[in-house]
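First comes the structure, then the notes that go with it.
The values are calculated or read from the model by the stated rules, or taken from the named source; none is laboratory data. Since this is a predicted model, take the numbers as computed values, not measurements. Ideal geometry is used to build each Cβ from the backbone, glycine not excepted, and the neighbour counts take in all protein chains shown. Ligands, DNA and RNA are excluded from the accessible area calculation, which covers all protein heavy atoms including side chains. Shrake-Rupley method; radii C 1.70, N 1.55, O 1.52, S 1.80 Å.
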Amino acid sequence: MADLTRRAVLRMGAGAGVGAAGMWALSALLDPVKPQATPAPQGPVVFEPPTAGKALPTKLTGSFVSAARGGIKTNWVIVMPPGQTTMLRPVIALHGKDGDANQVLDLGVEDALAQLAKEGKPPYAVVGVDGGPSSYWHRRAGGEDSGTMVLEELLPMLTSMGMDTSRVGFMGWSMGGYGALLLGARLGSDRTAGICATSPALYMSYIGTAPGAFDSVDEWTRNTVFGLPVLNSIPIRVDCGIGDRFFFATSQFVSQLKKRPAGSFSPGGHDVDYWRAQLPGELAWMAS
């Protein structure tokens, strides 16, 4: 598995098909203890799957240097149900505030995907990626843009690994739930297969936003998900606890959609226990 993980770490440079984000590079796996210099851009390296007929591991990990995030090492993790021999279509999972790519593992996605496979649900991969502790998945005043990283760096990387990214799903928790709605809308209805937002960190005005969520009223205005027509043409699921601090804003968001989304408002708070309880149903919905 270690050898497969090393082969999964790609390196790309200018002209590698990342669109407006320009040049980006994937680093080799780095020693987390020893500081490493940023690698020079290199030509694309094709992802090499295992021998035909041999099952892929249920988890792949790696990192790349994100130009959209200002040259920051960005970790990713791909989780798949057991027994897969080819790469699967991806659902991009966005973490909450102060989280990272490993949130998908912490919430139990690996076991949940295995259970869905036992139940005969269509298999897919869940992809977690570092977005920064308080990026809120949009372009910030300093130039860092985790949303563009996902759309113009991560998705092309997954394509080069053999995933079908012509239509992808988005899911996320708290800050990531808001991000899933935002990035699904940005990618558009032709390419977004579905969005699952759990306890989304939604704000109805800039005045009510949490410190660090938005740098200005103009930034909030450009990135609010309220009133976006495209979200009326994308399948959406929203789950939120009635004891959640975002319950009111989330209920207002749901009410302004033309079609009531899947999901529910049920007892629970803004916490990991609630998110874990909702996960099996949400992943089953994404499979449909």
List the equivalent ellipsoid semi-axes of the range 105-152 in whole Å, largest first, each obtained as the square root of 5λ for an eigenvalue λ of the Cα gyration tensor.
-> 32, 12, 6
Net charge, Val79 excluded, C-beta distance under 9 Å - Lys, Arg +1, Asp, Glu -1 | 0
Given charges at beta-carbon only (K, R positive; D, E negative), |dipole| of the range 104-169 in Debye = 200
Quickly work out the Lys258-to-Ile242 label distance, labels modelled 7 Å from Cα along the C-beta direction, and quote it in nm with one decimal.
-> 3.1
The range 85-104 residues near the modelled Ala114 label - backbone nitrogen below 17 Å, point 7 Å along Cα→Cβ | 85, 104
Determine how large the accessible area of Phe170 is when every protein chain is in place; take a 1.4 Å probe and give Å² rounded to the nearest 10.
-> 0
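Using a 1.4 angstrom probe on the protein heavy atoms only, could you order Glu119, Glu153, Glu144 from most to least accessible area?
On the way: Glu119 105, Glu153 0, Glu144 60 Å².
From most accessible down to least: Glu119, Glu144, Glu153.
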Accessible area of Thr165 in the full protein assembly, 1.4 Å probe (Å², nearest 10) = 10
Cross-link pairs beyond the 27 Å C-alpha cut-off, checked among Lys118/Lys259; Lys118/Lys258; Lys59/Lys121; Lys59/Lys97; Lys54/Lys97; Lys54/Lys118 | Lys118/Lys259; Lys118/Lys258; Lys54/Lys97
Which value, in debye to the nearest 20, describes the size of the charge dipole of the range 97-215 about its Cα centre when Lys and Arg Cβ atoms bear +1, Asp and Glu Cβ atoms bear -1, and nothing else is charged?
-> 360
Using a 1.4 angstrom probe with every protein chain in place, what is the largest-first accessible-area order of Ser205, Ser251, Ser288?
-> Ser288, Ser205, Ser251
What is the percent of Cα-Cα separations in the range 228-278 that go past 16 Å?
-> 39
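Can you tell me the length gained on complete extension of the stretch Ala210 to Arg167, counting 0.36 nm per residue apart and subtracting the Cα distance?
Full-extension gain reported as 12.2 nm.
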Among Trp220, Leu181, Leu202 the positive-end extreme of the charge dipole of the range 165-240 (Cβ point charges) = Leu181
Heavy-atom accessible area of Met161 with all protein chains present, probe 1.4 Å, nearest 10 Å²?
-> 10
Mind listing the long-range amide H neighbours of Cys196? Cut-off is under 5 Å, sequence gap 5 or more, other chains count too, H placed in the peptide plane at 1.01 Å from N.
-> Phe170, Met171, Gly172, Arg237
Taking only protein heavy atoms and a 1.4 Å probe, what accessible area per residue, in Å², does the range 102-199 have with all protein chains in place?
-> 30
Taking Rh as the Kirkwood radius, which is the inverse of the mean 1/r over Cα pairs, what is the Rg/Rh value for the range 163-242?
-> 0.99
Carbon + sulfur, % of accessible area of the range 146-288 - ligands and nucleic acids excluded, 1.4 Å = 55
Sketch the reach of a paramagnetic label on Asp271 as a point 7 Å from Cα along Cα-to-Cβ, and name the residues of the range 234-255 whose backbone nitrogen lies under 14 Å away.
-> 241-245
How do the peptides 132-143, 182-193 rank, highest first, by the average count of neighbouring beta carbon atoms within 10 Å per residue?
-> 182-193, 132-143
